[in-house]
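Structure record follows, encoded as C-alpha cells.
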Amino acid sequence: MNLMDIQSIVQSIAEATAAVLKIEVEIVNHEFIRIACTGEMQVDILKRLEGDLVYKEVFQKQQPIIIKNPGYEEICESCKFFQDCIEMGEIGVPIIIHGEVVGVIGLLAFNQAQQARLFENIEGILTFLDRMADLLASKLDQYYMVEELEMHNKKMMKMLDLVQEGVLITDQNARIIEMNEQAKNILGITDQKLLPLHVKKFIERVLDEESVENQTFELHHQLFQKALIVTKKVIFSKNQSKEILLTLQDVETIQGIAERASEEQMKSLQHIVGSSKQINEVKAYAFKASQSKSTILIQGESGTGKEVFAQAIHQVSKRKDNMFIAVNCGAIPENLLESELFGYEKGAFTGASAIGKVGKFELANGGTIFLDEIGEMPLHLQVKLLRVLQENEIERVGGNKVIPIDVRIIAATNRELSELIGEGLFREDLYFRLNVIPMMIPPLRSRPEDVRSLCDYFIREYNELFNANVQGFNKEVMDVMLQYRWKGNVRELKNFIEYLFNFIQNGYITMENAGTLIERKLDIATLTEVRPTIYSLEKMEKEHIEKAIEYVKKNKQNIEDAASLLGISRATLFRKLKKYHNEI
C-alpha cells in the first residue's frame with residue numbers, strides 16, 4: 001500500500017493537523033518520499049528524504065519516537081546534521097495498516113513557540129497523531145475514501161460538541177466557516193449560514209482586537225445580554241486570507257460549574273445533619289477554614305459534634321488523601337499521653353517496646369491530627385505542642401533526633417481556655433497558636449429546628465441497626481423533643497433515641513407507648529421554652545481580636561504583632577479594628 005495513491009487527501013490532513021496544533025507537519029510513505037508537508041517544507045514536496053534516521057527508527061520499532069534535543073541525541077550521531085540541526089523538536093508516529101507500517105506522520109518545531117506547544121502536552125499530541133494516523137490508514141484501506149473522510153469529520157465534530165467551550169472558525173470578514181453545537185447554543189443561533197446581526201457585530205468586535213486571551217466581551221441582543229470569555233487564535237494566514245479560531249465560554253455557565261464544584265467539595269460538610277441558620281453558618285465557615293493550612297480551635301459544649309466537624313474539615317481539605325488521627329487528651333493517662341503523641345525510642349522507659357513506637361503526630365504526617373479536650377493536656381506537653389506549632393518538628397520520648405512533620409492541627413475543647421489560663425493550667429502563648437481560626441459549635445438547644453432532622457436521621461440509622469420499623473415520633477413526643485434543653489446536645493439526643501429503640505421497634509413513638517420511658521430518661525423539669533443563644537461569628541471574631549490585642553499589649557509588643565497571632569494580614573487587622581472601633 002502506498003500513500004502516494006491518496007496524496008491530495010494526505011496533504012489536506014497534514015494542513016488540518018498543522019492548523020489545529022500550530023506546528024509544522026510532514027507525512028512520508030514507506031519509500032521515505034515526502035507525500036505531504038506544511039510551511040517552508042512544501043518546496044520539497046514529493047521528494048525522497050535521504051538518511052532520515054528518526055523515521056527509519058519509527059518504521060523499525062513501529063512506535064512513536066520523540067526527539068526533544070535534535071542534533072544532540074544518540075539517534076542523531078550518524079546524521080550529517082549532528083550538532084547542527086535546524087529543528088528544535090520532533091515527534092514521529094507510525095501509520096499502521098494490518099500490522100504493517102506504511103508511513104510516518106512527523107511534527108516538527110522550528111522555533112521556541114512551536115517547541116513549547118509540541119511538548120507541553122505530549123500525551124495529548126500522541127493521542128491526536130494516533131487518530132490522524134488511523135484516519136490516513138482508513139483512507140488507504142477503504143475503497144470509498146470520500147465517505148470515510150466524511151464519517152471521521154462527523155466524529156471530530158461530535159467530539160467538539162462534547163467540550164464545554166464553544167468553538168468556531170471564522171475568516172477575517174467574520175464569516176463563520178465551522179462551529180460546534182456549544183458555540184451555537186452560546187451565541188443563540190441555529191444556522192451558521194444565517195448569522196444574526198448581533199452575533200456578527202460581536203464577532204467583528206473580537207476580530208478587531210489585536211490579541212484576545214481569556215478576555216470578557218458582552219454579547220448584546222434586544223432581549224438579553226450575556227458576558228462571554230473569549231480566546232482568539234489565527235490558525236491559517238496566507239496572503240489576504242485568514243482563518244481564526246475562537247473559543248467561547250459563558251461566564252454564567254462557568255460560575256455555575258464553579259458553584260457545583262464547590263458544592264461537590266463541600267459534600268462531607270453538607271452531610272452534617274442540620275439546616276438551621278446557625279449550623280449552616282458554621283458549615284460555610286468550616287469549609288473556608290478547611291482550605292487553609294492554619295490551626296483551628298473548635299469550641300463547644302460536650303456532644304455538639306466537634307470531632308464530626310474536624311473529620312469533615314479534613315475530608316474537604318487538600319489533605320483528605322492522607323491520615324486523620326484523633327486523640328482524646330483527657331482520656332489517655334498523663335504518663336502515656338506524651339508517648340502516644342510523640343512516640344518513643346527503644347528502651348526509652350521501663351516496659352517500652354524493644355523497637356520503639358511511632359507517635360500520632362508521625363502517623364498523621366501529611367494529614368490532620370485532631371486533639372480533643374485540649375484543655376486537659378498537661379503543661380509540660382503543652383510546651384512540646386508549642387514547638388510542633390512553631391517549628392513543625394517533634395522528638396520522640398528518649399530520643400534526640402529531630403523529626404520534621406507536616407501536620408494540620410485541629411484542637412477542640414468544651415472548657416473555657418481563658419479561665420484555665422487564669423488558673424495557670426493552660427499556656428497563653430499556646431492558646432494564641434491554636435486559636436488562629438476559632439470555631440464555635442452552637443449547642444442543640446440554641447437551634448431546636450435541627451432536632452427534627454436529627455431525630456429523622458437517627459431513626460433511620462437505628463431502624464437499620466435494630467432491624468426495626470419505627471415510623472417516627474408523633475406530635476406530642478416531638479414537642480417534648482423540641483422543648484427539652486439537651487444538656488448533652490447531639491450525643492444525648494442520639495443516645496436517647498437508641499434507648500427508646502431498645503423497647504419500641506415498630507410504628508410511631510407516642511406518649512402512650514413511650515411516656516414512662518421518657519420520664520425515666522429525661523429531666524422533665526427542663527421542658528420549658530428556652531430562648532436560643534445565637535452564636536454570632538462576628539461576635540467571636542471581635543472577642544478574639546480583643547484577646548490578641550490584650551496579649552500584645554501585656555507583652556509590650558506592637559499592635560501589628562496581633563495580626564500574626566490571629567493569622568491575618570496587617571491591613572485586615574486594621575480594617576477589623578476600624579469596624580469594631582467603638583467596641584474594642
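Rule-based calculations on the coordinates, nothing more; no lab input. Computed from a predicted model, the values in this text were never measured in an experiment. Cβ: placed from backbone, ideal geometry, glycine included. Neighbour counts: every protein chain shown.
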Lysines whose Cα lies under 23 Å from that of residue 242, excluding same-chain neighbours fewer than 8 positions away: 22, 184, 193, 200, 201, 232, 233
Length released on extending from residue 173 to residue 273, taking residue separation times 0.36 nm less the Cα-Cα span: 30.2 nm
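Hey, what D do you get for region 305-392 in µm²/s if you plug the Kirkwood alpha-carbon radius into Stokes-Einstein at 4 °C and 1.567 mPa s?
After rounding, the answer is 93 µm²/s.
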The chain, relative contact order [Cα under 8 Å, separation at least 6], %: 8
Calculated FRET value between residue 43 and residue 255, using beta carbons and R₀ = 51 Å, to 0.05: 0.50
Residue among 324, 42, 462 farthest towards the positive dipole end of the chain, charges placed on Cβ: 462
Which label in (i) 81, 49, 48; (ii) 98, 66, 58; (iii) 89, 65, 41 gives the computed Cα extents along the principal axes in Å: (ii)
Local net charge near residue 356, Cβ-Cβ under 10 Å (Lys/Arg +1, Asp/Glu -1): +2
Potential extension, residue 513-residue 233 segment - 0.36 nm per residue separation minus Cα distance: 93.3 nm
Shape call, region 537-579: gyration tensor on alpha carbons, a/c limit 1.5: oblate
16 Å cut-off, amide nitrogen to a point 7 angstrom out along residue 506 Cα→Cβ, residues in region 452-469: 463, 466-469
Modelled FRET efficiency - R0 22 Å, residue 61 with residue 155, Cβ distances, 0.05 increments: 0.20
Estimated FRET transfer efficiency (residue 85, residue 131; beta-carbon r; R0 30 Å; 0.05): 0.60
Rough spin-label spacing in nm, given labels placed 7 Å along Cα→Cβ, for residue 386 and residue 218: 5.9
Added length on full extension, which subtracts the Cα-Cα distance from 0.36 nm per residue, residue 292 to residue 379: 28.5 nm
Electrostatic dipole magnitude of the chain [Cβ: Lys, Arg +1; Asp, Glu -1; Cα centre; debye, to 20]: 1780
Subset of 320/360; 384/553; 61/158; 68/318; 288/494; 277/494 violating a 23 Å alpha-carbon distance limit: 384/553; 61/158; 68/318; 288/494
